């Protein structure tokens with residue numbers, strides 16, 4: 001499933017595999033001035049390529065190397081001759097996704113394995129004919145995560161660094177304190193429109209970022225206090241969030257409230 005919306009000069013593609021007649025767990029890709037920001041998952045490659053048939057694509061930037069953001073890299077490079085740019089830490093995953101980033105069963109069902117693609121290390125700036133995007137390293141969701149910021153237009157493409165909501169679960173390989181630090185850096189920018197990796201677009205960007213930071217910091221403080229009192233990770237999760245969300249069972253615990261508690265405790269920076 002591909003849902004298309006034009007937001008000024010930017011074309012947004014919301015992408016999801018169709019299950020039982022409906023899109024399940026949307027991710028987003030964006031096109032602006034010959035630049036493609038992320039490319040969705042393997043299950044939506046044909047639909048995305050068809051939707052871009054009349055477009056010009058000179059470059060692809062992957063905000064990170066997760067399977068739901070690099071799925072059409074190979075097909076778009078073959079069709080348009082586009083250069084692929086990503087953080088150096090993500091390049092090995094692009095080249096060998098099956099070996100470098102083995103997927104859990106739920107990931108295969110929802111997103112599938114991407115075809116291998118060859119990328120180049122991104123620099124500090126990505127330029128198109130009309131725009132100049134600053135590249136900001138924002139680890140936490142993944143070590144190779146980057147965001148793109150166009151200061152003259154106030155556009156911020158956050159990938160999965162900022163999605164929204166009040167997190168009650170975390171994937172096992174995320175680092176919540178790095179996420180908070182990355183969000184703080186983004187909150188210092190002058191932003192008019194914030195484009196997320198799920199497809200939501202926010203005008204109240206700084207307010208949204210500060211609210212997310214405040215929620216995570218307050219939750220972290222409560223977690224650490226309960227941990228100092230000797231409560232287990234499971235007990236802390238029950239105290240703060242109640243029962244595990246259904247996603248924990250669908251992912252066999254890979255995405256869970258307990259992982260969020262663990263990251264607050266074990267990934268806390270020294271000092």
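The values are calculated or read from the model by the stated rules, or taken from the named source; none is laboratory data. From a predicted model like this one, the values you see are computed outputs, not experimental measurements. Using ideal geometry, Cβ is built from the backbone for each residue, glycine included, and neighbour counts are taken over all protein chains shown.
What the table below lists for this structure:
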item: Residue within the range 26-35 that is outside any strand (DSSP E or B) and either out of contact with any strand residue (DSSP E or B) (no Cβ under 6 Å at 6 or more places or on another chain) or without any contact (Cβ under 8 Å) to a residue 40 or more places away in the chain (or both) present; result: yes
item: Residue 74 surrounded by fewer than 19 Cβ atoms within 10 Å (Cβ to Cβ) and either touching a residue at least 12 places away in the same chain (Cβ under 8 Å) or more than 27 Å from residue 129 (Cβ to Cβ) (or both); result: no
item: Single match in 192, 198 (criterion: in contact (Cβ under 8 Å) with a residue 12 or more places away in the chain and closer than 20 Å to residue 171 by Cβ); result: 198
item: Residues satisfying the stated conditions in the range 77-95, i.e. surrounded by fewer than 20 Cβ atoms within 10 Å (Cβ to Cβ) and either within 23 Å of residue 251 (Cα to Cα) or in the same structural domain as residue 148 (by TED's automatic domain parsing) (or both); result: none
item: Subset tally (residues that are surrounded by 14 or more Cβ atoms within 10 Å (Cβ to Cβ) and either in contact with a helix residue (DSSP H, G or I) (Cβ under 8 Å, 6 or more places away or on another chain) or not assigned by TED's automatic domain parsing to the domain that holds residue 253 (or both)) for the range 225-238; result: 7
item: Filter result for residue 47 (surrounded by fewer than 16 Cβ atoms within 10 Å (Cβ to Cβ) and out of contact with any helix residue (DSSP H, G or I) (no Cβ under 6 Å at 6 or more places or on another chain)); result: no
item: Flag for residue 179 being farther than 18 Å from residue 38 by Cβ and under 13 Å from the mean Cα position of the chain (by Cα); result: yes
